Amino acid sequence: MISRVADHCFWMGRYVERAENAARVLSATHGLALDGELPAHQCWLPVLIVAGEQPAFYERFGASAAGEEEVVQDYMSWDEKNLSSLLRSVGAARENARSIRDLLSIEVWEAVNETHLWLHGQDARDEYAENRFGFYGRLRWHTELVLGLARTTMLHDQALDFVGLGVLLERAGWTARVLDVHHHALLSEGLGDRAAETGLWLAILRACSGYEPFLRHGRGQISGLAVANFLLLEPKFPRSVRYCVQGAGERLSVIRPPQRDELPGGRSLKRLLNLDAWLRQLELPRTDQSALHQVLTQVVDETAAVCNVLGEELLGQPPAAAPTVAAESAG
Amino acid sequence: MSQIAFQSSAVEIAARSVRLFDGYPFLGDTYDELLAPDGAPRPAFHRAMEVIGRKSPDEVRRCQALVDRALLSRGVTFSVYSDSRGTEKIFPFDVLPRMVSAQDWRHIRTGLEQRVRALELFLADVYTSGRIFAENRIPAEVVLASRGYLAQVGGVRPWGGVRIHVAGIDLIRDSAGTWRVLEDNLRTPSGVSYVLENRVMAKRAFPAAFDRARVHPVEDYSARLGDALRSVSPETQAPNVVLLTPGPYNSAFFEHAFLARTMGIDLVQASDLFVDDDRVWLRTTRGPAPVHVIYRRIDDAFLDPEVFRPDSLLGVRGLFRAWQKGNVALANAPGNGIADDKAVYPYVPEMIRFYLSEEPILEQVPTFLCARDDDRAFVIDHLHELVVKAVDEAGGYGMLMGPDSTAEQRDEFRQRIRADPRRYIAQKRIELSSCPTWDGNRGCLVPRRVDLRPYVVSSRSGPWVLPGGLTRVALVEGSYVVNSSQGGGSKDTWVLKV
């Protein structure tokens, strides 16, 4: 497979997953804020931190704007300068998809293209204005359709492995950051109020689509430790960090089999498998609250590092710097 | 007797189906593709026209809206160069098909095969022995002064003897209904993906009429092209064919991706390729893979910075040498620009006589070469009635439409012609044929001028003509320019079976 093409596959997966996660976090936070148990900035600032957008947001709107839900939602949904906004993520997913149009099934391409057309049309603006939950839900519906169709209508070959690798690494990072930010907020601010605290943990579960799976799994009491264990380590939950890292490792092992040392990709594979092995034997201590933060920092740093090494080893050169035009005459 | 019976049935059909075509405003002195001057459908098309004619304007409006939405959803777009944000537009598609009778098609097909054969022989001759110059059939200076001439190509004999793997030959029809070749495109002709997409749309819009018409399918184009490309591979066991694109910002990127996808080959950019020891390799996630045939959709000048433009970021260093040594096939071959140069065009009938000892089957458009003193004097005095074109431009750029021009524009062209006569040719303006076209604002059919670009694919065993082609239509009222960059659109082209 062409390295540049692998890069487009990887990033299409990441951007689709990024849009989906951002929509999920925005929707869950919207619900949490409506309960009115927490001060507004304690709801909305974590959204910016999870997306890695706090510094840029502060610079443009000031720290106090992080407590204004409409400003934050607008920034995360529509802002053209925000690389993590839904608009930009979907646009970038489509740009990558267009570059590998020849590899995608017509169904996947149409689903990506329709998402882009919808988000750029008036219908999406109207839905955003009138039915915010409906808007976030529809965006997720679109992105889930893309990923579902990729599995059911495309050849299960390296192209799909790279898409999946991008999706899983992106997802592992989001789950870890969502957990870390809120956990951090709980620790530093201390709620002391049982209802507010439970509400926050449920919002975190919802932000990761883990609410019903968590309850079904029968963890009983909703405690910080139980939620953290579930989102970080539950091997049967497809958005837990352990599940995502294991899945990513499996896909990379298909792309670059562990015993084939003559092929490029050895360093990324080793690093990813090490992270997987570490998560498999990990147990969260019951008492030491700061340990969770350290574990999550480690996860976030390591997944980022794996992506970097992967880029060097397997995904080829950076994309062409400038748009090149007029190379084929109009004839 | 049967002829009379046939005609009367056509009249009856016309009487029953007047609704949609009723009051069609014919253009003066212009051949209409679908309707005879008395307003009845042309007899060869009565099967389909009967069904289409029964549609109401509202139904046609709905059909048009349906296909517009589908084209957007499928991303059948072209990029707009001037827009830095990478805006894409759908190529306007007119829902009314253009039809070509079986009899006309036989004439076109044989004429195109003949023409492409002669052009192949001409290219091989110019780049090897130059027999046609030695026998004074074509002046060497006209050909060698072409911007498309590449001295480096001299002496190279490409694999399978093919240089024009894909040709797009533009045809028009004059007021008498005579088919004429307007120009040849022998470098990187584009548009065939729209032929295939338009067919999908036409089947959705007019399924019953399509069924009645009995139309030649076009879907096997990609398979034919793939076979032709593999037939010229230097490696015969497991030839690796790739399509080289300038990238997603190129206006024709949709087509590049479309063709790669439907041929099942890799779509590559120059940065994916490298040359080592005069062989071409593809950078993959499992190391370098050999490449044997490159269907390149970038111009000669951007192929290889070592040989052509050192400033090009698009090319592959060493690619030309790999081709010269016969380690890779390039489709189309470099240097073809001499054969589709507009100043060489008037000599194509002579090539057909010289190489094939046949009379040309297809007519051309009478052309004045400004490089010739007599022609130039005539052109300069008659600019108001001529169409002037720069020999090396395409897409409707660099041209003067004399009858519609201002005195100022004519003065400008007079100066340009005097400064560089070799660069200009002139032709009498042909009243391009019209075809009924949906006008959404008026809610009725109007005559709009069309041309036809059929595609010819040549393999080791000779040329094959796709039964169909891109009908381009000048959507602007009164316009003669069909190019998409100048407000043109397209139609599906139905070549009818016998």
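Hey, does segment B:251-271 have a residue that's more than 14 Å from chain A (Cβ to nearest Cβ) and surrounded by fewer than 24 Cβ atoms within 10 Å (Cβ to Cβ)?
Looking through segment B:251-271, none of the residues is more than 14 Å from chain A (Cβ to nearest Cβ) and surrounded by fewer than 24 Cβ atoms within 10 Å (Cβ to Cβ).
What are the residue pairs meeting all of these: first residue in segment B:331-348, first residue under 16 Å from B:G160 (Cβ atoms) and of a type in the set (S, T, Y), second residue at pLDDT below 95 and assigned to a loop (DSSP other than H, G, I, E, B), Cβ atoms under 7 Å, and 6 or more apart or on different chains?
none
Regarding A:A93, is this residue crowded, with 19+ Cβ neighbours inside 10 Å, among the aliphatic types (A, V, I, L, M) and within 14 Å of chain B (Cβ to nearest Cβ)?
Criteria met by A:A93.
For residues in segment B:447-464 being within 18 Å of B:D492 (Cβ to Cβ) and hydrophobic (A, V, I, L, M, F, W, C), which is surrounded by the most Cβ atoms within 10 Å (Cβ to Cβ)?
B:V450
Scanning segment B:465-490 for residues that are in a loop (DSSP other than H, G, I, E, B) and hydrophobic (A, V, I, L, M, F, W, C), which turns out surrounded by the fewest Cβ atoms within 10 Å (Cβ to Cβ)?
Top of the filtered list is B:V476.
Condition (residue is buried (at least 21 other Cβ atoms within 10 Å of the Cβ) and within 14 Å of chain B (Cβ to nearest Cβ)) applied to segment A:12-22: is it met by at least one residue?
For segment A:12-22, residues buried (at least 21 other Cβ atoms within 10 Å of the Cβ) and within 14 Å of chain B (Cβ to nearest Cβ): present.
List pairs: first in segment A:214-236 and buried (at least 19 other Cβ atoms within 10 Å of the Cβ), second modelled with pLDDT of 90 or more and among the charged types (D, E, K, R), Cβ under 8 Å, 6+ apart or cross-chain?
A:L231/A:R239; A:L232/A:R242; A:E234/A:R242
Pull up segment B:375-391, narrow it to residues that are surrounded by 16 or more Cβ atoms within 10 Å (Cβ to Cβ) and among the charged types (D, E, K, R), then point me to the one that is nearest to B:N185 (Cα to Cα).
Per the criteria, the residue is B:K389.
Would you point out which residue out of A:S99, A:S85 is more than 10 Å from every other protein chain (Cβ to nearest Cβ) and either touching a Gly at 6+ places or on another chain (Cβ under 8 Å) or not aliphatic (A, V, I, L, M) (or both)?
A:S85
Please specify each residue of segment A:143-157 satisfying the condition of being touching a helix residue (DSSP H, G or I) at 6+ places or on another chain (Cβ under 9 Å) and either surrounded by fewer than 21 Cβ atoms within 10 Å (Cβ to Cβ) or not in a helix (DSSP H, G or I) (or both).
The answer is A:E144, A:L145, A:L147, A:G148, A:L149, A:R151, A:T152, A:T153, A:M154.
Which numbered condition in (1) in contact with a helix residue (DSSP H, G or I) (Cβ under 7 Å, 6 or more places away or on another chain); (2) under 19 Å from B:S193 (Cα atoms); (3) of a type in the set (D, E, K, R) is the only one that A:R98 fails?
(1)
So which residues in segment B:272-309 are away from chain A (no Cβ under 11 Å) and charged (D, E, K, R), if there are any at all?
B:D276, B:D277, B:D278, B:R279, B:D304, B:E306, listed by residue number.
Return the total of residues in segment A:147-175 being within 14 Å of chain B (Cβ to nearest Cβ) and aromatic (F, W, Y).
Of the residues in segment A:147-175, 1 are within 14 Å of chain B (Cβ to nearest Cβ) and aromatic (F, W, Y).
Of the residues that make up segment A:58-67, is at least one polar (S, T, N, Q) and either within 14 Å of chain B (Cβ to nearest Cβ) or in contact (Cβ under 8 Å) with a residue 24 or more places away in the chain (or both)?
No: segment A:58-67 contains no residue that is polar (S, T, N, Q) and either within 14 Å of chain B (Cβ to nearest Cβ) or in contact (Cβ under 8 Å) with a residue 24 or more places away in the chain (or both).
Are any of the residues in segment B:367-374 in contact (Cβ under 8 Å) with a residue 60 or more places away in the chain, within 14 Å of another protein chain (Cβ to nearest Cβ) and either touching a Ser or Thr at 6+ places or on another chain (Cβ under 9 Å) or buried (at least 17 other Cβ atoms within 10 Å of the Cβ) (or both)?
no
The values are calculated or read from the model by the stated rules, or taken from the named source; none is laboratory data. Because the structure is a prediction, the values reported are computed rather than measured. Backbone-built Cβ (ideal geometry, glycine too); neighbour counts: all protein chains shown.
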